[in-house]
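Right, one structure below, let's go through it.
The values are calculated or read from the model by the stated rules, or taken from the named source; none is laboratory data. The model shown is predicted, which means the values in this text are computed figures rather than measured ones. FYI the Cβ positions are ideal-geometry reconstructions off the backbone, even for glycines, and counts take in every protein chain you see. SASA here: full protein model, heavy atoms, side chains in, ligands and nucleic acids out. Shrake-Rupley method; radii C 1.70, N 1.55, O 1.52, S 1.80 Å.
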Amino acid sequence: MYLILIIVLSFIFLIIASRTNEKQKRASDYEEIGCLLSPAELSFFNTLQIILDNDKIIFCKVRQADLIRPVVNRLDANFLNLFNKISRRHVDFVLCDKKTCKPLMAIELNDSSSHQKKSRLKRDFELREALKSTSIRFLEIK
């Protein structure tokens with residue numbers, strides 16, 4: 001009887017230990033990036049903060065899906081296609097009304113390396129077109 005109890009408890013211990021090891025392995029799959037903004041973005045952000053009116057606030061790295069959404073119904077077959085285009089993309093900066101947090105302007109800081117790539121040019125074009133039907137202005141700075 002004691003032998004069976006020892007075997008069962010040992011088995012339970014092994015299961016718990018293996019799950020703990022799995023969690024530790026998963027936790028080490030990531031590391032912190034360090035800084036949210038590149039040096040150029042940080043410099044631009046600090047400049048924006050200096051020149052902003054007191055009734056405006058600036059946010060950085062805002063998901064496009066937090067600014068716009070597909071017009072089609074969620075049950076429409078095209079909804080996921082449209083949503084996926086914006087859900088994994090962000091805008092460098094968003095200028096908002098301080099009292100309401102209503103987005104007023106999306107700002108893209110286009111550096112010479114990444115924003116000359118064909119995929120990035122297409123992404124910027126798609127965002128520009130999507131924002132045309134909203135009250136959110138779009139400013140690209142080279």
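Brief remarks follow.
- Count of residues meeting criterion [hydroxyl-bearing (Ser, Thr, Tyr) and either surrounded by 14 or more Cβ atoms within 10 Å (Cβ to Cβ) or under 15 Å from Glu41 (Cβ atoms) (or both)] in the range 88-142: 3
- The range 81-93: number of residues that are free of Cβ contacts under 8 Å to residues at least 40 places away in the same chain and not in a helix (DSSP H, G or I): 4
- Any hit, the range 125-135, residues being β-branched (Val, Ile, Thr) and touching a residue at least 12 places away in the same chain (Cβ under 8 Å): yes
- Unique residue being in contact with a helix residue (DSSP H, G or I) (Cβ under 9 Å, 6 or more places away or on another chain), of a type outside the set (Val, Ile, Thr) and open to solvent by less than 50 Å² (accessible area, probe 1.4 Å) when the list is Leu37, Leu48, Leu52: Leu37
- Positions within the range 1-20 being assigned to a helix (DSSP H, G or I), at pLDDT below 70 and exposed (fewer than 10 other Cβ atoms within 10 Å of the Cβ), in sequence order: Tyr2, Leu3, Leu5
- Restricting attention to the range 42-78, the residues that are closer than 26 Å to Glu126 by Cα and in a loop (DSSP other than H, G, I, E, B) total 12.
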